[in-house]
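Written out below as structure tokens is the structure these notes cover.
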Amino acid sequence: MPELPEVETVVRGLKAVLPGKRITEIRFNKTDFIDNPADVAENLPGKRIAAVRRHGKFIVFDLIDGASRSTALLIHLGMTGQLITTPPEAPISPHTHIFFSLDNGRELRYTDIRRFGRVQFLPGGVDGSPLAELGLDALETNEKEFIERLRGRKARIKALLLDQRVLRGMGNIYTDESLWHARIHPARIAASLRDDELGTLYKAVQKVLKEAIRLKGSSVSDYVDSDGNRGEFQLHHRVYMRKGEKCFRCRTPIQRMIVAGRSSYFCPHCQRAPRTRAKKRPVERSKRL
């Protein structure tokens with residue numbers, strides 16, 4: 001599933017070409033992933049794209065009409081969604097389900113093989129939408145906010161990093177990579193981490209996300225950027241999907257376990273497992289005769 005670096009890469013590509021363009025027509029193929037397709041079909045033609053931005057793993061198109069009323073289009077790429085700008089005469093890829101015709105003669109196409117994505121028209125804009133329930137942005141938050149959000153929590157650190165209500169944008173790939181860089185086991189309870197460890201984790205998250213964005217994301221499945229190009233960060237993964245391969249730091253084989261219901265890759269030497277308390281055996285008392 002595209003995570004923060006992939007979505008940020010797509011948004012940066014779209015920001016370079018879409019703001020100021022007017023949507024002139026919309027055509028659909030499949031619509032089962034669209035919240036109320038009639039809303040989208042009726043309300044988007046004629047709207048001008050004021051801005052394209054990322055909110056966690058969501059792409060937000062801020063729209064305006066002649067009356068300067070602000071509305072928005074919300075897109076989540078799901079597992080296999082792609083947004084590409086192209087000339088209208090370009091060959092149509094299989095599983096292309098939405099065509100946005102633009103007033104500059106180009107098209108914005110949404111392609112999604114598995115159709116786990118989501119498209120929704122927000123008549124009141126982002127304010128009051130489900131996006132308001134999401135937590136701090138993993139890329140934009142500062143170290144103090146990051147530590148305060150995680151300090152003292154009773155959940156496992158992997159689960160908290162994946163919880164979009166706590167920290168929006170993180171997913172399985174970049175959580176595992178960040179924990180490896182910070183030398184923190186994914187099953188550690190957040191409350192067991194000192195502030196300096198949380199500070200180290202914050203710096204690891206920032207380093208991993210920024211490097212992934214620089215390399216235009218990880219193309220481990222169907223992800224491509226807005227020009228249809230694959231990312232390169234998958235060539236720099238340190239633990240993700242590397243079970244049995246040697247750790248780049250200590251040469252110990254990478255292991256895999258399930259944490260928070262997700263596959264988690266880690267080095268058992270660099271990322272020490274949390275200690276578990278030994279269960280006390282009940283004392284056997286001799287029977288009285």
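Values in this text are rule-based calculations from the coordinates and carry no lab data. Here the structure is a predicted model, which means the values were calculated and not measured. All Cβ positions, even for glycine, are placed from backbone atoms using ideal geometry, and neighbour counts span all protein chains on display.
If Lys and Arg each add +1 and Asp and Glu each add -1, what is the summed charge of the other residues whose beta carbon sits under 11 Å from the beta carbon of residue 259? Working shown, then result.
Values: positive: 156, 158, 188, 256, 262; negative: 176.
Charge balance in the 11 Å sphere: +4.
In the neighborhood of residue 220, defined by Cβ-to-Cβ distances under 11 Å, what is the net charge if each Lys or Arg adds +1 and each Asp or Glu adds -1?
Details: positive: 230; negative: 3, 6, 222.
Once all neighbours under 11 Å are counted, the net charge is -2.
For the Cα atoms of the chain, what angle does the longest principal axis make with the long axis of helix 4-15, in degrees from 0 to 90, nearest 10?
20 degrees
Using each residue's phi in the range 243-256, evaluate 6.51 cos²θ - 1.76 cosθ + 1.60 at θ = phi - 60° and report the 3J(HN,Hα) Karplus result to the nearest Hz, with x for Gly and Pro.
These are the phi-based 3J(HN,Hα) values: 3, x, 7, 6, 4, 5, 8, 10, 6, 6, x, 5, 10, 10 Hz.
Between the helical axis of 195-214 and the dominant principal axis of the chain, each derived from Cα atoms, what acute angle in degrees is found, rounded to the nearest 10?
Approximately 40 degrees, to the nearest 10.
Tell me what the chain gives for mean residue ellipticity at 222 nm when only DSSP H runs of n ≥ 4 count, each as -39,500 (n - 2.57), the sum divided by the residue total, rounded to 500 deg cm²/dmol. Spell out each step's value before the answer.
Numbers: 6 runs with 64 residues, N = 289.
Helices in the chain give a 222 nm mean residue ellipticity of -6500 deg cm²/dmol.
Report the charge-dipole magnitude of the range 139-277 in Debye, nearest 20, computed about the Cα centre from +1 at each Lys and Arg Cβ and -1 at each Asp and Glu Cβ. Numbers along the way, then the final one.
Numbers: 29 positive and 16 negative charges, 162 e Å.
Charge dipole, the range 139-277, about its Cα centre: 780 debye, nearest 20.
What is the dipole size for the range 150-189, taken about its Cα centre, with +1 at each Lys and Arg Cβ and -1 at each Asp and Glu Cβ, in debye to the nearest 20? Present the calculation step by step, with values, prior to reporting the outcome.
On the way: 9 positive and 3 negative charges, 58 e Å.
My answer is approximately 280 debye.
To the nearest 20 debye, what is the magnitude of the charge dipole of the chain about its Cα centre, counting +1 on the Cβ of each Lys and Arg and -1 on the Cβ of each Asp and Glu?
Values: 52 positive and 34 negative charges, 519 e Å.
Around 2500 debye, computed over the chain.
Under a straight-distance cross-link criterion of Cα-Cα below 17 Å, which aspartates and glutamates are reachable from residue 210, leaving out those fewer than 8 residues away in the same chain?
Reachable aspartates and glutamates: 3, 6, 8, 137, 140, 143, 176, 177, 225, 232.
Amide H of residue 226: which non-local residues (sequence gap of 5 or more, or other chain) have their own amide H closer than 5 Å, using H built in the peptide plane?
Amide H to amide H, under 5 Å and 5 or more residues apart or across chains, residue 226 pairs with 13.
What do you get for trypsin sites (Lys or Arg not before Pro) in the range 198-256 restricted to DSSP loop and a cutoff of at most 11 other Cβ within 10 Å of the site's Cβ? Kindly include the intermediate steps, with their values, before the conclusion.
Details: sites: 203, 207, 210, 214, 216, 230, 238, 242, 243, 246, 249, 251, 256; in loops: 216, 230, 238, 242, 243, 249, 251.
Answer in residue order: 251.
Distances longer than 30 Å among the Cα atoms of the chain: what percent of all pairs is that?
On the way: 16200 of 41616 pairs.
Looking at the chain, the distances longer than 30 Å represent 39 percent of pairs.
Tell me the angle of helix 172-182 to the major Cα principal axis of the chain, expressed in degrees between 0 and 90 and rounded to the nearest ten.
It is inclined by approximately 50 degrees.
What are the lysines whose alpha-carbon lies under 20 Å from the alpha-carbon of residue 47, with same-chain residues fewer than 8 places away excluded?
15, 21
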